[in-house]
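Everything below concerns the one structure shown next.
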Amino acid sequence: MPAEGRQLEKLRHLARHALESGAVSLVIGFAEGTVPGRAAPLFCTAPADADRLIFDGYCTLNLANYLTRPEVRAHQTVALVARHAVAKAVVGLVQESQVDPTRVRLIAIHCPDLDGLQQDVAWTVADGLQTLDEFLPTAAHLHDQELTPERFAAVAQVESKSSHDRWDHFAREFDKCIKCYACRNVCPLCYCERCIADKNQPQWIDTSSTQRGNFAWNIVRAFHLAGRCIDCGACERACPMDLPLMELNRKMKKVVAERFGYVAGYDPKADLPLVTFKKDDPEEFIK
Amino acid sequence: MSRLLPRANLEGVVAALRSAGYRVVGPVRRGSLVTYDEISSAADLALDVIITRDSIKKFVLPRTEVVARFNRDAAGKVSVLDATAAPQPTVILGCRPCDAAALPIDDLVFAWDSTDRFWFSRREAVRLVTIACANCDESCFCTSVGGAPDSPEGSDVLLTETAAGDYEVQALGERGAELLAKFPGLRDAPAADRRVAAVPQRFDLSAAVTALEKNFESPFWRQTALRCVGCGCCTFVCPTCHCFDLVDEGPAYHSERRRNWDACQMKNFTLHASGHNPRPWQEHRYRQRIMHKFLYYPSRLGRTLCTGCGRCVRACPVNLSLLQVVSDLAAGRANALPTSAGEVKK
């Protein structure tokens, strides 16, 4: 049996066993999509469902997004088929008290970052169901790769423009936005019960898809995710109009790393840089 | 004999329409994205794509549109100003049959209990020069909902590619004949082989409708919609989805009332001021979209609210394929669920 086939057998076995043993009542993974190049989220509640699980380079959706869904919260313990980006999102959700780590298990997949869509990726599945604490040491070494210049190539390109050209660039890109909120709705860290974009008393940002409304939405979202975005790229891949949303999110990531020495997604006990107040803050304005 | 437009004359058509005062729009490529946008030359047209990412809906129902303006003076007196703009005469060149067919379907609801003058004034200003589809992909399903890759429905002029790469031209109705009279370089030619995609029939529509009638309460919806994240992607790329929201925005003393696209998949769509939501779960919202398209709209207005363009199938970020769902319904899978996947306690 080829290596991928053995890994797939192991993945399905882990999921099946997790459901059979009662360790979890729900496994969220991926099934074959309806068209080539796509994978579909799969919710397994019966052991036999595990036979439909797959993993490949099209499994790019961040499944941690489903942990905050009421239908999923109804389960005592849930297992996620989790590549690194999914686990990083779980870290964020635990850090922000949205998810109880004792109720989450990971079927950990080790593979390269799935930034673009590509069917063939080398992947392996870890032995046994893991808790977040068991998983974290196995990914700690990836922290060093979070800030490599290649990851910020698009950001550097935008930074090199004059402010006038930057405005034009974002005006052109935001003009495509149709306000479908797919970016928000696939984002595991965009879990607000009531999003600022949905509030109308008072109305903080224009809901209309005008230049003003589109700038407001896309910039507010990037700011709200500053220091929280775990750089999975789910928003950008979900966008039906191909907005380069990760240019914004990665710029925020870079600033937060420079100013606070912090990268999201590694330490569920860490303080979030932008929501933490310290009495010895060097900035005068905050005192 | 048929009328033929040599491909090289497309440029002349664009120029002639523009000098006749039309804004000409068509499929335009911007990086990875092909959308309907204004063109100044036939060279701007991306005619090799199967379908654009967005639909032509935006030219009759813009994603945001001012429907009224109001001022409040120092004494607090409010005056409402008419905001009806004269829509720009527009030709959509390289429209697809599944887009063109959407407009007559939506006319029915916009003329139903009152006449929507915003819709119809834009509608009146738009002419559709449709190019029949020579290719299709696995998400196309026009033939399953009564359409065809070379259907003339809704179009003013239909172009069908010939084997030699030219276009056979057909004017539809008076508007079409009037528009076609502006096309330079047409010639008569013997009927040639036409390049039309073979779009397979993917499901039996009447079986799907019967299944919908029987399965309002089926666990099928819970199972199907559990993965739906409730964004507006499917409805906003859809040529027939037409729901909108009215909002007042702008400074307090001189504001605008705007009509914006809205989506039944979003939880706020049916949220009442009291806090009650008659569609509290995503499965209810997803069921509504399918029921509305394939059961409610046809039973009230006589037409299926779907032209099979497949945009929602391609765009869904979680691969929740309407084509798969309706095929499942037509195949009776709502009655006999194959697995317990997706069933959760609430």
Number of positions in region B:295-332 that are within 14 Å of chain A (Cβ to nearest Cβ) and of a type outside the set (A, V, I, L, M, F, W, C): 9
Helices (runs of 4 or more DSSP H) contained in region B:112-231 and holding at least 3 residues over 18 Å from the mean Cα position of the chain (by Cα) and within 14 Å of chain A (Cβ to nearest Cβ): B:220-225
In region B:211-252, the residues that are β-branched (Val, Ile, Thr) and within 28 Å of residue A:32 (Cα to Cα): B:224, B:229, B:235, B:237
Answer residue from region A:49-69, given it is in contact with a Lys or Arg (Cβ under 8 Å, 6 or more places away or on another chain) and over 23 Å from residue A:113 (Cα atoms) and is surrounded by the most Cβ atoms within 10 Å (Cβ to Cβ) among those: A:50
Filtered residue count, region A:70-84, keeping only those that are surrounded by fewer than 24 Cβ atoms within 10 Å (Cβ to Cβ), closer than 24 Å to residue B:321 by Cβ and of a type in the set (A, V, I, L, M, F, W, C): 1
Search result, residues across region B:34-50 that are among the hydrophobic types (A, V, I, L, M, F, W, C) and either surrounded by fewer than 17 Cβ atoms within 10 Å (Cβ to Cβ) or more than 13 Å from chain A (Cβ to nearest Cβ) (or both): B:39, B:42, B:43, B:45, B:46, B:47, B:49
Odd one out for residue B:194 among (1) free of Cβ contacts under 8 Å to residues at least 24 places away in the same chain; (2) touching a strand residue (DSSP E or B) at 6+ places or on another chain (Cβ under 8 Å): (1)
The lone exception for residue A:260 - which of (1) at pLDDT 95 or above; (2) in contact with a helix residue (DSSP H, G or I) (Cβ under 6 Å, 6 or more places away or on another chain); (3) more than 22 Å from residue B:264 (Cα to Cα) it fails: (1)
Spans of helices (runs of 4 or more DSSP H) in region A:147-207 with at least 2 residues surrounded by fewer than 18 Cβ atoms within 10 Å (Cβ to Cβ) and either more than 9 Å from chain B (Cβ to nearest Cβ) or of a type in the set (Phe, Trp, Tyr) (or both): A:153-159, A:163-174
Region A:212-229 residues that are free of Cβ contacts under 8 Å to residues at least 24 places away in the same chain, paired with ones that are surrounded by 22 or more Cβ atoms within 10 Å (Cβ to Cβ) (beta carbon under 9 Å, 6 or more apart): A:212/A:206; A:216/A:206
Any hit, region A:210-227, residues being outside any helix (DSSP H, G or I), at the interface with chain B (Cβ under 9 Å from one of its Cβ atoms) and within 22 Å of residue B:244 (Cβ to Cβ): yes
Options A:40, A:23; residue that is surrounded by fewer than 24 Cβ atoms within 10 Å (Cβ to Cβ), more than 24 Å from residue B:230 (Cα to Cα) and aliphatic (A, V, I, L, M): A:23
Pair list, Cβ under 7 Å, 6 or more apart: region A:98-116 residue within 26 Å of residue A:239 (Cα to Cα) and modelled with pLDDT under 95, other residue assigned to a loop (DSSP other than H, G, I, E, B) and charged (D, E, K, R): A:111/A:83; A:114/A:83
Number of the condition not met by residue A:90 [criteria: (1) more than 19 Å from residue A:146 (Cα to Cα); (2) in contact (Cβ under 8 Å) with a residue 24 or more places away in the chain]: (1)
Qualifying positions in region B:242-251 - within 11 Å of chain A (Cβ to nearest Cβ) and in a loop (DSSP other than H, G, I, E, B): B:250
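The values are calculated or read from the model by the stated rules, or taken from the named source; none is laboratory data. Because the structure is a prediction, the values reported are computed rather than measured. Neighbour counts run over all protein chains shown; Cβ positions are idealised from the backbone, glycine included.
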